[in-house]
1. Would you kindly identify the strands (runs of 3 or more DSSP E) lying entirely within segment 89-184 that contain at least 1 residues that are more than 23 Å from Asp203 (Cα to Cα) and of a type outside the set (Ser, Thr, Tyr)?
2. Could you list, in sequence order, all residues of segment 1-34 that are among the aliphatic types (A, V, I, L, M), modelled with pLDDT under 50 and under 22 Å from His249 (Cβ atoms)?
3. Does Val49 count as buried (at least 18 other Cβ atoms within 10 Å of the Cβ), out of contact with any Ser or Thr (no Cβ under 8 Å at 6 or more places or on another chain) and at pLDDT below 95?
4. For segment 106-123, give me each residue that is out of contact with any Leu (no Cβ under 9 Å at 6 or more places or on another chain) and either farther than 20 Å from Asp176 by Cα or in contact (Cβ under 8 Å) with a residue 40 or more places away in the chain (or both).
5. Kindly indicate whether Lys117 is at pLDDT 80 or above and open to solvent by 50 Å² or more (accessible area, probe 1.4 Å).
6. Pull out all pairs, ordered by first then second residue, where Cβ-Cβ is under 8 Å, the residues are six or more apart or on different chains, the first lies in segment 141-170 and is over 24 Å from Thr119 (Cβ atoms) and among the charged types (D, E, K, R), and the second is open to solvent by 10 Å² or more (accessible area, probe 1.4 Å) and not in a strand (DSSP E or B).
7. So in segment 258-274, with the set limited to residues that are of a type in the set (S, T, N, Q) and exposed (fewer than 14 other Cβ atoms within 10 Å of the Cβ), which one is nearest to Lys337 (Cα to Cα)?
8. Please enumerate the residues belonging to segment 154-179 that are open to solvent by less than 60 Å² (accessible area, probe 1.4 Å) and closer than 23 Å to Lys83 by Cβ.
Amino acid sequence: MKFTQLFMLFCVWQVHAQVSDFKKIKFDKADRIAAEHKHEKLNNLPVLVYTLTNELDTDVEKFRAIFTWVCSNISNDYQLYAKNMRKRRKLINDSIALKAWNEKFKKIVFKKLRKRKKTLCTGYAYLIKKMANLAEIECEIVHGFAKTSTIDPEKLTIPNHSWNAVKLNGKWYLCDPTWASGIPNPESYQFQFHYNEGFFLADPQIFAINHFPLKEKWFLLTNNTSQSFQSFIEAPILYNDAYRYFSSHSKPAKMYQSVQQNDSLTLAFDTYVSFQKKDVHFIIENSFTSKRRMPSFISLENQKLCVAYKFTTSGYYDVHLYVKDDLISTYTVEVKKD
């Protein structure tokens, strides 16, 4: 079998895009209303929700206006998040003290949210749920684990993130207002608003790579499939910009890979944003060098990206996939001699 034929066999999978359920809906009006009412305060949520939604006809447009407004007005307080995680780790074996801290911290979170429009993931998820419910849209808070490039997966011993599930037209969808709102700097604690469309009604397939809910039903994966916590820990690093381009990442399933010299690492994604083959490249790093490399093979058609890189030299490599200047994913590869 030729390499091209073998490669394409590895690149067949189903499309599960969620926001495409509403491809006939234009969100321009909802986004415009959210932008027109930027800087509104949180002291009267019913009035704010009415202002954002009363001119919109469908629940998905109303939810979009709420989601966009929250993500454009509430900043992520990473310092508050870090303080909470340190305290929770310290009290993990003292259930009474941990419960007391959680109650105290909850008051701190909502006071800061109300007065300064700054919060962490639980505040974002609470606000989305509250505002959606005021618009008579069913919405839930989902608690669980999340992975980012700055988090060591092996240290994920306690839940560290919250997001939302929303019911629209009788179907549940996932969204993450915290990650959609922008980028906090873990070192300076500064926050930059940078709305990420990919976390609005995200596809469960790609969502599950970075999110592991405590309740299995909130995976929302098709065919009653789910994933183990171990597979979640072992999954590749997927960066926020991946959600701007892709609705799923199906190959490889693990971050750490092993291939033989002169063999290839193959990656497979579903896409929902158009780009060209020339936009796709790798950064290949080892202990000595970091070089930009073009794919050994690439296929981009029917909303599917399959891309491979062939290793000719043995050793250990970090492989970073880019689309244009956007970092998509990272893998660590051991290349063994023939």
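The values are calculated or read from the model by the stated rules, or taken from the named source; none is laboratory data. Nothing here was measured: the structure is a model prediction, and the numbers come from that model. Here the Cβ positions follow ideal geometry from the backbone for every residue, glycine too, while neighbour counts run over all protein chains shown. Just the protein is used for accessible areas: all its heavy atoms, side chains included, with ligands, DNA and RNA removed. Shrake-Rupley method; radii C 1.70, N 1.55, O 1.52, S 1.80 Å.
1. Values: elements: 139-146, 161-168, 171-175, 182-184.
In segment 89-184, 182-184 are the strands (runs of 3 or more DSSP E) which contain 1 or more residues that are more than 23 Å from Asp203 (Cα to Cα) and of a type outside the set (Ser, Thr, Tyr).
2. Here is the first cut: in segment 1-34, the residues among the aliphatic types (A, V, I, L, M) are 1, 6, 8-9, 12, 15, 17, 19, 25, 30, 33-34.
Keeping just the survivors that are modelled with pLDDT under 50 gives 1, 6, 8-9, 12, 15, 17.
Correct list: Leu6, Met8, Leu9, Val12, Val15, Ala17.
3. On the way: buried (at least 18 other Cβ atoms within 10 Å of the Cβ): yes; out of contact with any Ser or Thr (no Cβ under 8 Å at 6 or more places or on another chain): yes; at pLDDT below 95: no.
Judged against the criteria, Val49 is not a match.
4. Step one: of segment 106-123, the residues out of contact with any Leu (no Cβ under 9 Å at 6 or more places or on another chain) are 106-107, 110-111, 116, 121-122.
Within segment 106-123, Lys107, Lys111, Arg116, Cys121, Thr122 meet the criteria.
5. Details: at pLDDT 80 or above: yes; open to solvent by 50 Å² or more (accessible area, probe 1.4 Å): no.
Here the answer is no, as Lys117 does not meet what is asked.
6. Here the result reads Glu154/Ile233, each pair linking segment 141-170 to a residue that is open to solvent by 10 Å² or more (accessible area, probe 1.4 Å) and not in a strand (DSSP E or B).
7. Looking only at segment 258-274, we keep the residues that are of a type in the set (S, T, N, Q), and these are 258, 260-262, 264, 266, 271, 274.
If we keep only those that are exposed (fewer than 14 other Cβ atoms within 10 Å of the Cβ) too, we end up with 258, 260, 262, 274.
Numbers: Ser258: 11, Gln260: 6, Asn262: 9, Ser274: 38 Å.
For segment 258-274, the residue satisfying everything is Gln260.
8. Leu156, Ile158, Pro159, Asn160, His161, Ser162, Trp163, Asp176, Pro177, Thr178, Trp179
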